[in-house]
Amino acid sequence: MDMQKNWSVGNVFLKDAFSLSDEILNSLENKKPQLPIQQSVFFDFAIRAHCCLKATYVLWQQFTEKTVFKFPIAIQLRVGVLDFITFLYLFKYRNNENEFRQEVDSLNQQFYSWMSGHAENYTEEEKSRFEVFLKSHFPLKYDGEGNKVKVKSHIASQMVEDAKRGELGEYVNTSYNIYRLLSQYEHYSEVSRKFMLRPTEVDLEEFMVAIDCILLLQYFSFQLLGVDEVLFKRYEALYHNYVSSYGDGQIIETKGIT
């Protein structure tokens, strides 16, 4: 597929996807406070995917005139693909609330550990406010004997190996491969800079696969959230139209998941 056609397909579907997801998320907004932990997390993923699609669309408008915008586009898409990998990992635990809670708490604890070190740069007043926030949101910082809780490390490669054994394991390899590729845009080296100056149509083909991952993240999240059937069918049709427009989608037959 030529560059202009790929760009046009991406442009149309990015706009349509974030517009429709905005409509769906608005329909769910009042339900969030009553959602169980699993659905609350999937709701968060759907919101993050929506923001990623919209930010990518804004950058996409600059792409044909200034191809250097491939760098921020790649970094933005990388965030969305990593969210999809994390979703695939957590999906394994969705039917056991306690196990799911433990996995989410491990992610929380990793954030806590990093932020605790970062807080050393704060003023005493800022540290005090930060500690109040952390204690109210991260009750698992210490165990009953006052020892710091040990947490599982959730780096992408480890989540991938676990997620492969899950119900949606067929999506893991493609997602992780594109995630690792997009990660190279983030780090400077002379060789990588020259590599990234390759023909733009190659970047576009990879970006289309990344967008595919993010659309799938929303698709599965909406399915798990029990979105209104009419709205969900519209999103399902949008996704299949996207796949048929550029021909390399990950999904051939839509899965039914619960």
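A few points about this structure:
- A simple rule links phi to the HN-Hα coupling: the Karplus curve 6.51 cos²θ - 1.76 cosθ + 1.60 with θ = phi - 60°, which for region 54-66 gives 5, 5, 5, 4, 4, 5, 4, 5, 8, 5, 6, 8, 9 Hz, with x for Gly and Pro.
- Packing rank of 108-118, 157-167, where each peptide gets the mean count of other beta carbons within 10 Å, highest leading: 157-167, 108-118
- Sites listed here are GluC sites (Glu not before Pro) in region 186-246 whose DSSP assignment is loop and whose Cβ has at most 12 other Cβ atoms within 10 Å: Glu186.
- Part-to-part distance (alpha-carbon centres) for region 207-241 and region 1-54, which is given in Å: 8
- Whole-number D in µm²/s for region 16-131 (Stokes-Einstein; Kirkwood sum over Cα pairs; 10 °C, 1.306 mPa s): 94
- Rounded to whole numbers, the Karplus 3J(HN,Hα) couplings from phi for region 72-82 are x, 4, 4, 5, 5, 5, 4, 4, x, 5, 5 Hz, using 6.51 cos²θ - 1.76 cosθ + 1.60 with θ = phi - 60°, and x at Gly and Pro.
- Mean residue ellipticity at 222 nm, helices only, the chain: -24000 deg cm²/dmol; runs of at least 4 DSSP H residues each add -39,500 (n - 2.57), and the sum is divided by the number of residues.
- Cβ charges +1 (Lys, Arg) and -1 (Asp, Glu), total dipole of the chain, debye: 200
- Rounded to the nearest Hz, the phi-derived 3J(HN,Hα) couplings of region 175-180 under the Karplus curve 6.51 cos²θ - 1.76 cosθ + 1.60 (θ = phi - 60°) are 5, 5, 4, 6, 4, 5, where x marks glycine and proline.
- log₁₀ of I(q)/I(0) at q = 0.13, 0.27 Å⁻¹ - region 1-56, Debye sum with one point per alpha carbon: -0.41, -1.03
- Each of His137, Met115, Tyr93 was scored by the projection of its Cα onto the charge dipole of region 93-140, and the greatest displacement toward the positive side belongs to Tyr93; charges sit on the C-beta of Lys, Arg, Asp and Glu.
- GluC sites (Glu not before Pro) within region 21-122: DSSP coil, no more than 11 neighbouring Cβ in 10 Å: Glu65
- Trypsin sites (Lys or Arg not before Pro) within region 1-91: DSSP coil, no more than 16 neighbouring Cβ in 10 Å: Lys66
- 24 Å tail of the calculated P(r), the chain, as % of Cα pairs: 53
- 5 angstrom amide H check on Leu35, placed H, neighbours 5+ away: none
- Note on region 173-238: the alpha carbon radius of gyration divided by the globular reference 2.2 N^0.38 Å gives 1.50.
Laboratory data are not the source of any read-out in this text; all were calculated from the coordinates shown. Worth saying up front: this structure is predicted, and the values here are computed from it rather than measured. Positions of Cβ are generated from backbone atoms using ideal geometry, with glycine treated the same way; all protein chains shown enter the neighbour counts.
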